[in-house]
Amino acid sequence: MSSTITTIEDDNTDVWGGGNKPLNSSYGKLMMWFFIVSDALTFSGFLAAYGFSRFKNIDSWPIADEVFTHFPFLHGVDAPMYYVALMTFVLIFSSVTMVLAVDAGHHMQKGRVAFYMLLTIIGGAIFVGSQAWEWGNFIRGEYGAVETKGGQIYQFQSSETGKRIALHDFAVEIPTERVQHESKNGVWYMGESTLPSYTTQEVISGFVANDDIVIKTEKIDENGHKIILSREESLNKITQAVSVVEGANLVNNEYGNRLFADFFFFITGFHGFHVLSGVVINIIIFFNVLVGTYERRGHYEMVEKVGLYWHFVDLVWVFVFTFFYLV
Amino acid sequence: MGNSTHKLEIFRGLVKFKSNQSKIWAVLFFLSVVTIIEVALGIVKPEVLIVNSFLSMKLINWIFIILTIVKAYYIMWDFMHMRDELRGLQASVIITLSFLIAYLAFILLVEGNYIFDVMYEGFVSWNF
């Protein structure tokens, strides 16, 4: 009936003796399912909150294709989503090696269990590394933007080619004495975060001096594209800029709505933390397999339990991928 | 124990495998195909799927969500061995999750939509 490995001999069949397994599933596996159900609800809480904020700002939410365009070793190439798709494959593949390890455990093949566990660990590590790389790109940003008093983001693009233009391509240098406050000097010993590379005035002057730059607003038209202003409107709107934004942090980001970066950090971060803990747990189990703990115990149920957790992490990523990158 | 305890058929018995391992590879193949379709749709974004909508959601988003649920089903049923568990365990996980998540998503999305309307039609400017 079940692929479950019998952990407790069934000679003790009375209800309170511990031999009677509810739902024909062992204690450990059942508890893992309890955990998975509750953790799934945590993730759905995050994703539903993301949906809430997105519906609330449905006419100005950033378009994922325009944000995640990087691919390793391909600089300046517009590669929307290819890397995230690759990460998805890596995670699905590590899920497969995990399930193969579980299968080898059913046959008590210690060597194969260890081999597949190792592949799973490598896959998980590649995934976490990729996510760190994604975060790095996201935080660093590529083009830069300005923010208005009302918290709207204005990006810049060429009126001829329609390509995005980075701040350093047009901002003019204006000598200034403004330096970053550090707590070690100055009267009040106040620190502040790193200043942007350009002041608002430098960006505005550069914008006025270059006739072929127009503003790309956050607003989305009925076809799902960002609204681009004409040169006249752009010259009018640029005066509303109050600060320069480069990259992303928890306060503001160059991609658009402030909440977008917050949700990106929280959802992918929470998931990445799950993957990281999964890798750590996998490593522990891997060494247990190597020293023969489960061989002596007579069954590999522990591999099965950690496998359940690992597949769950993969399952969550499938949803994060859809709702953050595709929809 | 061993292979004899696994249910080796997927697609409602349409395909039946000789061993659990070949089933796993087949499920991987299926999941990869579904992911490739999703990514291709996300990059190409066919006009017809974006312009038309059903229940005020674009057709392309319906396709994404349905394909995601299909993927989730196969990950759970074949990788997490839900197919081999008792009906009671299947039901307690699936019914609980699908009810609570659908409910949560429904109320939050309706509320988000309502707040959008208030901000859009209200007399306060949000862009100052």
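Here are the numbers for the structure shown:
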quantity: Residues satisfying the stated conditions in region B:5-19, i.e. facing chain A (nearest Cβ under 10 Å) and either under 24 Å from A:ASP78 (Cβ atoms) or in a loop (DSSP other than H, G, I, E, B) (or both); calculated: B:HIS6, B:LYS7, B:SER19
quantity: Condition met for B:GLU38 (among the charged types (D, E, K, R), open to solvent by 50 Å² or more (accessible area, probe 1.4 Å) and assigned to a helix (DSSP H, G or I)); calculated: no
quantity: Boolean, B:SER22 is open to solvent by 80 Å² or more (accessible area, probe 1.4 Å), more than 9 Å from every other protein chain (Cβ to nearest Cβ) and of a type in the set (Gly, Ala, Ser); calculated: no
quantity: Filter result for the condition that a residue is aromatic (Phe, Trp, Tyr), part of a helix (DSSP H, G or I) and within 7 Å of chain A (Cβ to nearest Cβ), over B:PHE30, B:PHE64; calculated: B:PHE64
quantity: Among the residues listed as A:VAL90, A:VAL102, the single one being open to solvent by less than 20 Å² (accessible area, probe 1.4 Å) and either outside any helix (DSSP H, G or I) or modelled with pLDDT of 90 or more (or both); calculated: A:VAL102
quantity: Residues being within 12 Å of A:ILE92 (Cα to Cα) and over 9 Å from the mean Cα position of the chain (by Cα) - total across region B:61-75; calculated: 2
quantity: Count - residues of region A:198-218 that are open to solvent by 60 Å² or more (accessible area, probe 1.4 Å) and in contact with a helix residue (DSSP H, G or I) (Cβ under 8 Å, 6 or more places away or on another chain); calculated: 3
quantity: Residue count for region A:65-82, restricted to those that are of a type outside the set (D, E, K, R), surrounded by fewer than 20 Cβ atoms within 10 Å (Cβ to Cβ) and in a helix (DSSP H, G or I); calculated: 1
quantity: Region A:219-271, subset small (Gly, Ala, Ser) and buried (at least 16 other Cβ atoms within 10 Å of the Cβ), residue farthest from the chain's Cα centre (by Cα); calculated: A:SER234
quantity: Residues located in region B:83-128, provided they are among the polar types (S, T, N, Q), more than 7 Å from every other protein chain (Cβ to nearest Cβ) and within 21 Å of the chain's Cα centre (by Cα); calculated: B:GLN90, B:SER92, B:SER98
quantity: Contacts under 7 angstrom Cβ, first residue in region B:75-87 being assigned to a loop (DSSP other than H, G, I, E, B), partner among the polar types (S, T, N, Q) and surrounded by fewer than 18 Cβ atoms within 10 Å (Cβ to Cβ), 6 or more apart; calculated: B:LEU86/A:ASN24
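Matching residues to (1) out of contact with any helix residue (DSSP H, G or I) (no Cβ under 7 Å at 6 or more places or on another chain); (2) touching a residue at least 40 places away in the same chain (Cβ under 8 Å); (3) on the phi > 0 side of the Ramachandran plot:
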{"residue": "A:LEU41", "(1), (2), (3)": "no, no, no"}
{"residue": "A:GLY51", "(1), (2), (3)": "no, yes, no"}
{"residue": "A:PHE68", "(1), (2), (3)": "no, yes, no"}
{"residue": "A:ALA79", "(1), (2), (3)": "yes, no, no"}
{"residue": "A:TYR82", "(1), (2), (3)": "yes, no, no"}
{"residue": "A:VAL99", "(1), (2), (3)": "no, yes, no"}
{"residue": "A:GLN109", "(1), (2), (3)": "yes, no, no"}
{"residue": "A:ILE121", "(1), (2), (3)": "no, yes, no"}
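The values are calculated or read from the model by the stated rules, or taken from the named source; none is laboratory data. Everything quoted here is computed from the prediction, not taken from an experiment. Glycine gets a Cβ as well: all are built from the backbone with ideal geometry, and neighbour counts include every protein chain shown. Side chains included, ligands, DNA and RNA excluded: accessible areas come from the protein's heavy atoms. Shrake-Rupley method; radii C 1.70, N 1.55, O 1.52, S 1.80 Å.
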